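What follows is one structure encoded as structure tokens, with my remarks underneath.
The values are calculated or read from the model by the stated rules, or taken from the named source; none is laboratory data. Quick caveat: nothing in here was measured; it's all calculated off a predicted structure. Positions of Cβ are backbone-derived with ideal geometry, glycine not excepted, and every protein chain shown enters the neighbour counts. For accessibility, only protein heavy atoms count, side chains too; no ligands or nucleic acids. Shrake-Rupley method; radii C 1.70, N 1.55, O 1.52, S 1.80 Å.
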Amino acid sequence: MASGEWRLASGEGRRAVTEARKFQAVSGVRDILPPESALWNRVEQVARDVCRTYGFSEILLPILEDRELFARSVGAETEIVSKEMFTLEDWPLDLDDPRKRIFTAEELIRLEEATKTGKLPSSEANREAIREFRRVIGKMDAEQARPLDSGETRNSWLAGFVRLAHEYMVVGRSLHGQLFALRPEATASVVRAYIEHGMYTQPGDVKLYYLGPMFRRERPQKGRYRQFYQFGVEVLGQSDHPGIDADVIELVLVFIERCGLVGHTLYINSIGCKECRPKYVELLRAALVNVKDKLGPDSQRRIETNPLRVLDSKVESEQGVIEELPRIGDHLCEACREHFKMLQAMLFMREIAYEVNWRLVRGLDYYMRTTFEITAPGLGAQNAVCGGGRYDGLVELLGGAPTKGMGFALGTDRLILALQEAGKGAAAQPPDAYIAWMGATAYPMAVRIARTLRRAGLSVELPHDEMKIKKSLGLAARLNARFAIILGENEVAAGNATVKRMAEGTQSTVAEKELKNFLKT
Ligand code: HAM
């Protein structure tokens, strides 16, 4: 069969393509290859080590969550939720889907029941869709039952019926099964898990960390991916002591330093609480209205939707205007002012250098009081390597008892990029030994030696196809092996190996049982 032709896949009864096609990772997601993956492993290991010393335990969270979880916590109006979330629909497997074929009025009853039993979400959109389906199906039934009017042709009747069918399809667009999202961040998941598993019954603060992929439908660029990785920690408990904030910040700085990154900057801010922030936001909105003409379209829109986000603007022409706006630090309530002052004292106590950035408002709705960000050099526009803050009302918002929360998430991709930019990337991991064997009788000995050495913790390359010794040693050199273990008929007979130190080119004869010790020296 010529390439490009179709054929029936045997047994499956469906069409399969025989034409070869190459695939690439989809836009904004990437493979992490060796040797870079070794650097990722090392960074993750440092994260685990540092978390252990601060008394944090790992939580493994699902990647799929109820979409509504993020709308409620991160905020339905935020960019992350309104524009960047990957949403998937889970239609019940045992329920027919009226969007795939036209239902009868009787079949609609099952759909309605499904919204009552919780099999389908009983959202306003779904209830409205069912009402609309009923209306359109009623019209279709009536159309089918009525005789043609005088002068009406079969074709004009059909055209009217097709219009109704089209209306039916349009109604279906608002109907939905359970909506899941690929998590865009993990704080909401941690809080969900904390409430779901009653973790508040544990003694002391609940201190958790996580590592894993997050998903945001952003425009990909350097340091910005659609699947990216975070290392994050969260502290949940009854205290909002600024010492917790300072400890969390200290933890991430220790982690960054142990990874070998230098030249980073810590920015902190307080964005107030539900007492003082709304008053400040109104003040800010009023000030923004006065300078509206000097702002670009995005900032103009945000005056209504979320004026705080205007402070985040990177638009060059807006910078002068923004600098003149009222600053939140001057409008904090007494308790928030005290908290922020204490935080700075706590950082000073820990010898942590920081800069106050009054414009640091962060793009997620759940924050209150402390917010912080760490930037790293060499990353270009996407230079925020870590972001975090306090979110005292979030547990309550998600149906739990009043609880305080504080945490951060660090973008692993960006940290690794910054390390690589600083020349601290990973080099390929060369094997300790390469076994160059020749002759059928040497192969079993090569297998035996490889197994013994690997059990002793050494990394060993064992080729399975027989090669000429020159080719074998050439490969050992290209792989940068420290030693080549040469096995031929003579070695097998004598029960020893010729060991070549690749860097020096020196050779020694070593008894098989001495190999492990010889290689370890
Ligand atoms: P976030 O600022 O949205 O905060 O993300 C934290 C970090 O994730 C960023 O500073 C950045 O390094 C990295 N990041 C975000 N988006 C991308 C992307 N598209 N590509 C690569 N890296 C990215 C949060 O996610 C909060 N949950 C942090 C938190 C935890 N607050 C309290 N607890």
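The set of residues from region 253-290 being over 30 Å from ALA47 (Cα atoms), of a type in the set (A, V, I, L, M) and surrounded by fewer than 17 Cβ atoms within 10 Å (Cβ to Cβ) comprises LEU283, ALA286, ALA287, VAL289.
When ALA433 is tested against the conditions (1) among the aliphatic types (A, V, I, L, M); (2) open to solvent by 40 Å² or more (accessible area, probe 1.4 Å); (3) in contact (Cβ under 8 Å) with a residue 40 or more places away in the chain, the lone failure is (2). Within region 192-199, is even one residue closer than 27 Å to TYR54 by Cβ, in contact (Cβ under 8 Å) with a residue 60 or more places away in the chain and β-branched (Val, Ile, Thr)? Scanning region 192-199, I find at least one residue that is closer than 27 Å to TYR54 by Cβ, in contact (Cβ under 8 Å) with a residue 60 or more places away in the chain and β-branched (Val, Ile, Thr), so the answer is yes. Limited to region 377-402, what total is found for residues that are at pLDDT 95 or above, within 13 Å of the ligand (Cβ to nearest atom) and assigned to a loop (DSSP other than H, G, I, E, B)? Of the residues in that region, 2 qualify.
Would you mind stating whether GLU373 is farther than 24 Å from TYR54 by Cα, open to solvent by 10 Å² or more (accessible area, probe 1.4 Å) and out of contact with any helix residue (DSSP H, G or I) (no Cβ under 9 Å at 6 or more places or on another chain)? Against the criterion (farther than 24 Å from TYR54 by Cα, open to solvent by 10 Å² or more (accessible area, probe 1.4 Å) and out of contact with any helix residue (DSSP H, G or I) (no Cβ under 9 Å at 6 or more places or on another chain)), GLU373 does not qualify.
Scanning region 295-322 for residues that are open to solvent by 10 Å² or more (accessible area, probe 1.4 Å) and either in contact with a Lys or Arg (Cβ under 7 Å, 6 or more places away or on another chain) or not polar (S, T, N, Q) (or both) yields a total of 16. Could you tell me whether PHE231 is outside any loop (DSSP other than H, G, I, E, B), more than 10 Å from the ligand (Cβ to nearest atom) and either open to solvent by less than 10 Å² (accessible area, probe 1.4 Å) or in contact (Cβ under 8 Å) with a residue 40 or more places away in the chain (or both)? Taking the combined requirement at face value, the residue does not satisfy it. Region 78-188 holds helices (runs of 4 or more DSSP H) entirely within its bounds, and those carrying 3 or more residues that are within 30 Å of THR412 (Cα to Cα) map to 79-82. Scanning region 145-173 for residues being open to solvent by 50 Å² or more (accessible area, probe 1.4 Å) and out of contact with any Phe, Trp or Tyr (no Cβ under 8 Å at 6 or more places or on another chain) gives a total of 18.
One residue stands out among those in region 403-428 that are more than 21 Å from GLN227 (Cβ to Cβ) and modelled with pLDDT of 95 or more: the one that is nearest to the ligand (Cβ to nearest atom), which is GLY407.
Of note, ALA38 satisfies the criterion of being within 24 Å of PHE255 (Cβ to Cβ) and open to solvent by less than 50 Å² (accessible area, probe 1.4 Å).
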